[in-house]
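K.L.:
Provided herewith is a single structure, encoded as C-alpha cells, for subsequent inquiry.
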Amino acid sequence: DKHLRAQSKRKPAKKTKKAVVFFEVEILDAKTKDKLCFLDKVEPNATIGEIKSMFHKSHPQWYPARQSIRLDPKGKSLKDEDVLQHLPVGTTATFYFRDLGAQISWVTVFLTEYTGPLVIYLLFYFRVPFIYPPKYDFTTSKHWVVHLACMCHSFHYVKRLLETLFVHRFSHGTMPLRNIFKNCTYYWGFAAWMAYYINHPLYTPPIYGEQQIRIALIIFLFCQIGNFSIHIALRNLRPPGSKTRKIPYPTKNPFTWIFLLVSCPNYTYELGSWLGFTLMTQCLPVAFFTLVGFIQMTVWAKGKHRSYLKEFRDYPPLRSPILPFIL
Amino acid sequence: MASSEEDGTVEEKENNNKKRTKSTLATAWLTFYNIAMTAGWLVLAMAMTRFYIQKGTHKGLYRSIARTLKFFQTFALVEVGHCAIGIVRTSVIVTGVQVCSRIFMVWFITNSIRQIQSEESVILFLVVWTVTEITRYSYYTFKLLNHLPYFIKWARYNLFIVLYPVGVVGELLTIYAALPFVRRSGMYSMRLPNKYNVSFDYYYCLIIVMLSYIPLFPQLYFHMLRQRRRMLHGEVIVEKDD
C-alpha cells in the first residue's frame, strides 16, 4: 500500500495505473485440514460474504448461512463484512471452514414459537374436547379473570408476532435448525401447562379478588407498553439493512427513561409483564414460567451488557444489565 | 506503554501466586474429600457384607445401612460445586445429573417408600453403587497423590461396562415396585382445586422418570465409553461439534 502511494507521488501528472494484487484463497476443513476449495484471482476488497458465495458455488450443499469461516481452526468466526485485504493474511490466504449445520431464519423461528402459545392457549380457553372431563367441552369459565387472562395472554403473543414482522431488526439472519425444536418445546410446553390450569373448571380465582386483579392488570399493561417502547427505540437506533451497533439512550418517551439505569430494559419490562400475569392468575406454573424466563433473560442481559462495555469506552457506568442497581 | 507492561507482569506474578495457593488448597481439599468418600463407601460395603453374613437374608439390610448411605450419597452434592468452581474439570451438567439421580433414588424412593426397602432390586443397585463408588473415589485419590496403580485405572474404566446397566436395572425395578404404593397413598401429590392452581401426581412423575432413563442412560454410558477409549488407549477422538 505504502509502495503504491510512493509510486503515485513520484508521478503526480500521469494517471497511475494502480497495480491490483489479486489474492488467492484456499479454504481448509477446520477439523480434518483437507483442502476443500481453492479460489484464485480474488479481489483484495472482496468481503468474507462474497468469498462464502464463491465457496457455495463449488459446494452447493453449504449455503453461505451455514458457513463459518475463520483464520484459525479454533478461532472466532469472521464476519461477512470483513474485507480480505484488511485481514492479517498474505496474498495467499488460508481460511478454515466449519459447517454450522442446517440453518433457519430468525423470523421463521420467532413466528413459529409465538404462534404456538397463541393457538394452544385458545384451545384450552375454549375447552376443546379431550383436555378436561367431557361434560365441560366447549363451556366457558364462570370467572371473569379467566377471560381477562386469555385476552392478556393473546394480546402479548399477537404483539410479539407483529413486532417480529414489523419492528425488530435482526443482526443475524439465521440460527441452527435444532433451535426451533428446543425453543418451540419451551414456549409451547409452558403455554399448554399454564393454560391447562387457568382454564380448568376447578380454577381458583386470586385470593384478594378484584383488587389483586386490577393491580396486576395495570402492571401488565404498563410493562407491555414499556416493552414495545423499548423495541421501537432499539429499532430506531439502527437504519434499515444495517448491522451497526450504538448505545441506546432515553428518548422523549418516558417509558425509555429506564435506559438510564438498565442496559436491556426490554427484558426488565418483559419480566414485569409476566409478574403481572402471575399476580393476575395466581397460578404456580405461571410463576415458574416467569422464573425460568427471568433466569434466561438475565443470562442474555449480562452478555449484552458485557459486550456493550467491551465495544464502547464511554458506556454509562450507572447502568445494570437487567434490574436497576441489583443485577 | 512501558509502565503498563511492567504493571502487567507484576499483576501476572501476583495472579500466578494466587493460582498456586488456590490449587494447593484445592488439591488438599480434594484429596481429603476423596479419601473420606472412599472410606465411607468401604464402611457401607463392610456393613452390608457383615449383615448378610450374620443374618443370611437381605430383609432389613437397607434399614441397617440407611443412615450411612444417606450421609455419604448426599455429601456427594459438593462434587457439583467442585465442577462449578473449576477445581475439577468435568461438566457440571453431567455430574449434576448423576448426583441428582442418586439423591432422587435415596431420598424420594427408598427412604420414603418403606414397603420396597426389602426388595431384591434395592440390594442390586446398592451393591453396584458401592463397587462403583469405591473404585471411583480411590481412583481420584491415587490420581491426586500421583501414584495410580494400573489395576485401579483398569477397574474404573472397565467395571462400569457391566455395573452401569446392572445398576440401571436395579433402579428401574425398584421404582416400578414402588408405583402401586405411591398410587395408593397419594404421597407427594397435590390435587385441584387449590389456591396455587397447580396439580402434581407423583405416580405419573415416576413413570416419566422411568421413561427418561431411555434417552439419558445411553448418553451417559457412551460418554463413559469415550472416556475409556481416551484414557486406556490414548485414541484421539474427534469430538462431535455442539
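K.L.:
One-quarter of the Cα convex hull surface for chain B, in nm²?
P.N.:
Approximately 19.8 nm², given one-decimal rounding.
K.L.:
In whole Å, what are the Cα extents of the range A:37-174 along the three principal axes, biggest one first?
P.N.:
Result for the range A:37-174: principal-axis Cα extents of 76, 28, 25 Å.
K.L.:
Looking at the protein assembly as shown only, what percent of DSSP beta bridges run antiparallel? Nearest 5 please.
P.N.:
Around 65 percent antiparallel, to the nearest 5.
K.L.:
Could I ask something else about it? Pairs of Cα atoms under 8 Å, at least six residues apart: use those to get the relative contact order of the range A:219-327, whole percent.
P.N.:
Rounded, it is 31 percent for the range A:219-327.
K.L.:
Now for a separate question. Over the range A:105-311, with a single point scatterer placed on each C-alpha, what log10 of the ratio I(q)/I(0) does the Debye formula yield at q = 0.08, 0.11, 0.12, 0.15 1/Å?
P.N.:
Debye output, listed in q order: -0.31, -0.57, -0.67, -1.01.
K.L.:
Still on this structure: Reported to two decimal places, what Rg/Rh ratio describes the protein assembly as shown when computed on Cα atoms with Rh from the Kirkwood expression?
P.N.:
My calculation puts Rg/Rh at 1.03.
K.L.:
While we're looking at this one, here's another question. Tilt of helix A:284-311 relative to the longest C-alpha principal axis of chain A, in degrees (0 to 90, nearest 10)?
P.N.:
Once rounded, the angle reads 20 degrees.
K.L.:
Could you compute how fast the range A:159-265 diffuses translationally, taking Rh as the Kirkwood radius over C-alpha pairs and applying Stokes-Einstein at 25 °C with viscosity 0.890 mPa s? Give it in µm² per second.
P.N.:
For the chosen part, D equals 143 µm²/s.
K.L.:
Could you state how much accessible area is buried at the B-A interface, both sides summed, with a 1.4 Å probe, in Å² to the nearest 100?
P.N.:
In total, this chain pair buries about 1100 Å².
K.L.:
I need to check one value: relative contact order of chain A, counting alpha carbon pairs closer than 8 Å and at least 6 residues apart, in percent.
P.N.:
Values: 427 pairs, mean separation 43.1, N = 327.
Averaging sequence separation for qualifying contacts and normalising by length gives 13 percent for chain A.
K.L.:
Order B:TRP129, A:TRP257, most accessible first, counting only protein heavy atoms with a 1.4 angstrom probe.
P.N.:
A:TRP257, B:TRP129
K.L.:
Something else about it: Give me the inter-chain shielding for B:193-205: mean count of other chain Cβ atoms within 10 Å, whole number please. Walk me through the intermediate numbers first.
P.N.:
On the way: counts 5, 3, 7, 7, 17, 10, 6, 1, 0, 0, 0, 0, 0.
Mean partner-chain Cβ count within 10 Å for B:193-205: 4.
K.L.:
Sticking with this one: Under the definition of Cα pairs under 8 Å and six or more residues apart, what whole-number percent is the relative contact order of chain B? Intermediate results must be reported in sequence, preceding the final value.
P.N.:
Numbers: 176 pairs, mean separation 43.4, N = 242.
Relative contact order here is 18 percent.
K.L.:
So which of A:LYS33/A:LYS79; A:LYS31/A:LYS246; A:LYS31/A:LYS182 end up more than 25 Å apart, counting from Cα to Cα?
P.N.:
A:LYS31/A:LYS246; A:LYS31/A:LYS182
K.L.:
Going down the list A:LYS252/A:LYS310; A:LYS74/A:LYS304; B:LYS70/B:LYS153; A:LYS310/B:LYS143, which pairs span over 29 Å between their C-alpha atoms?
P.N.:
Details: A:LYS252/A:LYS310 27 Å; A:LYS74/A:LYS304 23 Å; B:LYS70/B:LYS153 27 Å; A:LYS310/B:LYS143 41 Å.
From the list (A:LYS252/A:LYS310; A:LYS74/A:LYS304; B:LYS70/B:LYS153; A:LYS310/B:LYS143), the Cα-Cα distance tops 29 Å for A:LYS310/B:LYS143.
K.L.:
Right, something else. In chain B, once you exclude exposed trypsin sites (Lys or Arg not before Pro) (DSSP loop, at most 16 other Cβ within 10 angstrom), what's the longest stretch remaining?
P.N.:
Between the exposed loop sites, the longest stretch runs B:90-190.
K.L.:
Also, I was wondering about something else. I'd like the accessible area for B:HIS82: 1.4 Å probe, protein heavy atoms, all chains in place, Å² to the nearest 10.
P.N.:
Probe radius 1.4 Å; accessible area of B:HIS82 about 10 Å².
K.L.:
Quick one: grab the alpha carbon gyration tensor of the range A:24-101, order the square roots of its eigenvalues as a ≥ b ≥ c, and give me rounded if a/c is under 1.5, else prolate or oblate depending on whether a/b is larger than b/c.
P.N.:
Since a/c stays below 1.5, the shape of the range A:24-101 is classed as rounded.
K.L.:
Here's another thing I want to ask about it. So what is the calculated 222 nm ellipticity per residue for the protein assembly as shown, using -39500 (n - 2.57) for each DSSP H run with n of 4 or more, over all residues, to the nearest 500 deg cm²/dmol?
P.N.:
Result for the protein assembly as shown, helices only: -20500 deg cm²/dmol.
The values are calculated or read from the model by the stated rules, or taken from the named source; none is laboratory data. All values derive from a computational prediction rather than experimental measurement. Note: ideal-geometry Cβ built from the backbone for every residue, glycine included; neighbour counts use all protein chains shown. Heads up: the accessible areas ignore ligands, DNA and RNA and are worked out on the full protein's heavy atoms, side chains in. Shrake-Rupley method; radii C 1.70, N 1.55, O 1.52, S 1.80 Å.
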